[in-house]
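First the structure, in the form of structure tokens, and then the observations on it.
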Amino acid sequence: MSRYKDHQLDWLQRVHSVERYEETIAESANISEVTAYVVDQLDLKYETDISHVIDVVSEDWTEFWSNYP
């Protein structure tokens, strides 16, 4: 289980290290735009890597927009 958590944390750090990530969440109309931006910035090609990005972005998107009614 620890190895899995380390893997998740690694992806969380990778996504959060993308320049203008938080601003992109605030400025984008939907999750797809943010995901596309991060995938492009990290130059990802594999679906498994992209699925990790989707997980992180979805969680961050929900957290960010839950603060606004």
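The values are calculated or read from the model by the stated rules, or taken from the named source; none is laboratory data. Since this is a predicted model, take the numbers as computed values, not measurements. When we count neighbours, we look across all protein chains shown, and the Cβ atoms used for this are built from the backbone with ideal geometry, even at glycine. Quick note on the areas: whole protein, heavy atoms, side chains included, nothing else; ligands and nucleic acids left out. Shrake-Rupley method; radii C 1.70, N 1.55, O 1.52, S 1.80 Å.
Data for the structure
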{"read-out": "Hey, Y46 modelled with pLDDT of 95 or more, of a type in the set (F, W, Y) and open to solvent by 80 Å² or more (accessible area, probe 1.4 Å) or not", "value": "yes"}
{"read-out": "Residue match in the range 49-67 (condition: at pLDDT below 95 and surrounded by fewer than 10 Cβ atoms within 10 Å (Cβ to Cβ))", "value": "yes"}
{"read-out": "Residues satisfying the stated conditions in the range 16-32, i.e. exposed (fewer than 15 other Cβ atoms within 10 Å of the Cβ) and either of a type in the set (D, E, K, R) or part of a helix (DSSP H, G or I) (or both)", "value": "H16, E19, R20, E22, E23, A26, E27, S32"}
{"read-out": "Residue under evaluation A36, criteria (1) surrounded by 11 or more Cβ atoms within 10 Å (Cβ to Cβ); (2) in contact (Cβ under 8 Å) with a residue 12 or more places away in the chain, criterion not met", "value": "(2)"}
{"read-out": "Residues that are assigned to a helix (DSSP H, G or I) and either among the aromatic types (F, W, Y) or over 17 Å from Q13 (Cβ atoms) (or both), drawn from the range 36-47", "value": "A36, Y37, D40, E47"}
{"read-out": "Inter-residue pairs, beta-carbon under 7 Å, first on the phi > 0 side of the Ramachandran plot and of a type in the set (V, I, T) and in the range 16-33, second open to solvent by 50 Å² or more (accessible area, probe 1.4 Å) and part of a loop (DSSP other than H, G, I, E, B), 6+ apart", "value": "none"}
{"read-out": "Test set (1) open to solvent by less than 90 Å² (accessible area, probe 1.4 Å); (2) without any contact (Cβ under 8 Å) to a residue 12 or more places away in the chain; (3) not β-branched (V, I, T) - Q13 fails condition number", "value": "(1)"}
